[in-house]
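Everything on this sheet refers to the single structure shown next.
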Amino acid sequence: MITLIAFLIVIGVVVVFHELGHFWLALREGVKVKEFAIGFGPIILSKKKGEVLYSLRAFPLGGFVRLFGETPEESGEGSFLESSPWSRLKIISAGPLMNFVLAVLLFFAVFVFNGYPNLNVCKIGSVLPGSPAEIAGLKAGDEVLEIDGVRVSRWEELARIIHSSPGKRLKLSVMRGEDRVLIEVVPEYSSVHKVGLIGITPWIERFNVLGSAYYSVRYTLGVSYLMLSAIGKTLLKKEKLDIRGPVAVAQLAGQAARGGLVNLLSFIGIISVNLAFINLFPLPALDGGRLVFIIFELIFRRRLDPKYESTIHYIGFLVLIVLMLLVTYHDVISLR
């Protein structure tokens with residue numbers, strides 16, 4: 001039950017915030033909004049304010065905004081398709097942008113109340129009860145200097161070795177206070193994360209409000225860099241992109257929720273950045289695909305017939321549904 005509730009909260013927050021971006025910019029650009037909906041399926045509650053129908057629907061898996069003139073059949077004042085290309089560009093871009101804003105706000109809240117994880121050192125902030133790290137004798141405050149004789153100075157280097165060594169006995173050289181101790185630990189394979197884990201978290205630094213604001217932006221940029229790096233390595237065929245579907249996301253959301261509010265907020269922030277990048281992919285039906293058509297129009301001063309563009313996006317939507325079903329099937333198979 002915790003997993004389901006956490007999943008609905010995560011998806012609801014990131015998608016509704018995304019749609020708020022489209023909604024707000026549409027109104028600013030003079031495009032009429034027909035409906036702002038939370039959830040999908042049959043309407044449970046609704047209220048019309050001005051020209052906008054605000055609705056709560058049966059299945060709380062995100063939400064959507066219906067703009068007047070999204071299809072060629074609707075025309076007239078306030079039509080989305082009849083607005084200027086710059087207006088359409090801003091309206092479409094606002095969704096992913098709001099996901100980045102949401103991530104910054106969530107990370108800011110986390111850093112104000114809980115501090116900032118220092119990834120520039122290999123200092124342990126906490127050890128999970130019953131984890132391989134606790135069993136091996138690692139403690140909060142320990143700083144890992146070497147793993148199997150290999151010097152590590154950043155958390156990313158430490159994590160990379162542990163993630164790639166499930167079931168392998170690792171020899172850690174650790175600085176504990178003024179003493180240097182040797183500890184052996186065996187990473188445990190995580191069927192959810194698909195990597196080896198020992199149950200440690202980074203050291204937390206405390207900052208004031210201004211420091212938290214700075215590091216919330218920096219952390220969001222860091223998560224964005226990791227996303228771009230993973231995509232780049234996949235395109236260059238250096239690594240295989242690990243694509244997760246709703247089942248895996250639900251599992252991770254449940255784990256984050258069990259770890260407390262701070263973990264859940266951090267997870268929502270990371271998912272929000274992921275959603276922003278996914279939506280910016282230049283694929284039909286996604287925001288990125290729509291932006292491609294608008295940018296083409298701005299550069300070449302020509303516009304593809306809206307009927308053809310709508311058909312392309314519809315086909316793209318069907319393809320995305322099939323891909324989502326395949327990824328979900330893979331998630332379910334991986335649980336066995």
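The values are calculated or read from the model by the stated rules, or taken from the named source; none is laboratory data. Being a predicted model, the structure only gives us computed values, none of them experimental. Don't worry about glycine lacking a Cβ; one is built from the backbone with ideal geometry, like all the others, and counts go over all protein chains shown.
Across segment 214-256, what is the number of residues that are at pLDDT 80 or above and over 30 Å from LEU61 (Cα atoms)?
Going through segment 214-256 one residue at a time, the tally reaches 2.
If the requirement is being more than 30 Å from ALA248 (Cβ to Cβ), of a type outside the set (D, E, K, R) and modelled with pLDDT under 95, which of these qualifies: SER55, SER87, SER75?
None of the other options fit; the residue is SER75.
Across segment 116-146, what is the number of residues that are closer than 16 Å to TRP203 by Cα and assigned to a strand (DSSP E or B)?
Of the residues in segment 116-146, 10 are closer than 16 Å to TRP203 by Cα and assigned to a strand (DSSP E or B).
Do you know which residues across segment 276-313 are part of a helix (DSSP H, G or I) and either among the basic types (Lys, Arg) or loosely packed, with under 12 Cβ neighbours inside 10 Å (or both)?
ARG290, ILE299, PHE300, LYS307, TYR308
When both residues are 6+ apart or on different chains and their Cβ atoms are under 7 Å apart, which pairs have a first residue that lies in segment 157-168 and is assigned by TED's automatic domain parsing to the domain that holds VAL186, and a second that is of a type in the set (Ser, Thr, Tyr)?
From segment 157-168, the pairs are PRO166/TYR189; GLY167/TYR189.
Yes or no, residue by residue, for (1) under 23 Å from ASP287 (Cα atoms); (2) of a type in the set (Asp, Glu); (3) in a loop (DSSP other than H, G, I, E, B):
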| residue | (1), (2), (3) |
| --- | --- |
| ILE5 | no, no, no |
| VAL15 | yes, no, no |
| ALA26 | yes, no, no |
| GLY39 | yes, no, no |
| LYS48 | no, no, no |
| PHE64 | yes, no, no |
| GLU70 | yes, yes, yes |
| GLU73 | yes, yes, yes |
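When you go through ARG258, ARG302 one by one, which is the residue that is of a type in the set (Lys, Arg) and closer than 18 Å to HIS193 by Cα?
ARG258
Go through ILE38, ILE44 for me and flag whichever is surrounded by fewer than 21 Cβ atoms within 10 Å (Cβ to Cβ), under 30 Å from VAL262 (Cβ atoms) and in the same structural domain as ARG290 (by TED's automatic domain parsing).
Criteria check complete, one pass: ILE38.
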